[in-house]
Amino acid sequence: QAEPKLPLEELMKCFLCKKDFNGSGLNSLLSHFSEEHYRLELEHNYITRPGMTWMVDKRCPQCLKIVETKQQLIHHIGVEHREVEKFLPEKYKLPNIIEKNLSFPCPLK
């Protein structure tokens, strides 16, 4: 039994510290999660984990874009690739509004 989805307005508040991102948008929230609450998880999974090559080549392991600093990589992976969402509890995961807009043109146009 899946838990009922929270309203978007609730999802746009950080469930850990209650900071409200309704006015500032999804990327601000993802950035907040990446840098404030899940930095170590992102660092472990994409920088220090055996087999990860960022320390050597400074490239994003997903898109190979050059990302110079650890801080920038954490932001890039967490926000651009939305990887920080993997660490969020199921009920706080954000809907893929952004991706849907890209792949499904509006049928009403």
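Scanning region 1-45 for residues that are under 16 Å from Asn96 (Cα atoms), of a type in the set (A, V, I, L, M) and over 14 Å from the mean Cα position of the chain (by Cα) gives Leu6, Leu8. None of Val67, Val79 is touching a residue at least 40 places away in the same chain (Cβ under 8 Å), open to solvent by less than 50 Å² (accessible area, probe 1.4 Å), in contact with a helix residue (DSSP H, G or I) (Cβ under 8 Å, 6 or more places away or on another chain) and not polar (S, T, N, Q) except Val79. Where helices (runs of 4 or more DSSP H) sit wholly within region 1-60, those with at least 2 residues that are of a type in the set (D, E, K, R) occupy 8-11, 39-43.
Pairs meeting the criteria (first residue in region 13-31 and closer than 15 Å to Pro89 by Cβ, second residue among the polar types (S, T, N, Q), beta carbons under 8 Å, at least 6 apart or on different chains) are Lys13/Asn22. Cys60 falls short on exactly one of the conditions (1) open to solvent by less than 40 Å² (accessible area, probe 1.4 Å); (2) modelled with pLDDT under 95, and that condition is (2). Residue check: Ser31 meets all listed conditions (1) open to solvent by less than 40 Å² (accessible area, probe 1.4 Å); (2) touching a Leu at 6+ places or on another chain (Cβ under 6 Å) but one, namely (2).
Can you say whether Gly25 is modelled with pLDDT under 95 and open to solvent by less than 60 Å² (accessible area, probe 1.4 Å), as far as the supplied structure shows?
Taking the combined requirement at face value, the residue satisfies it.
The values are calculated or read from the model by the stated rules, or taken from the named source; none is laboratory data. Keep in mind the model is a prediction, meaning the values are calculated, not measured. Reconstructed Cβ throughout: ideal geometry from the backbone, glycine too, with neighbour counts over all protein chains shown. These accessible areas exclude ligands, DNA and RNA; they are computed on the full protein's heavy atoms, side chains included. Shrake-Rupley method; radii C 1.70, N 1.55, O 1.52, S 1.80 Å.
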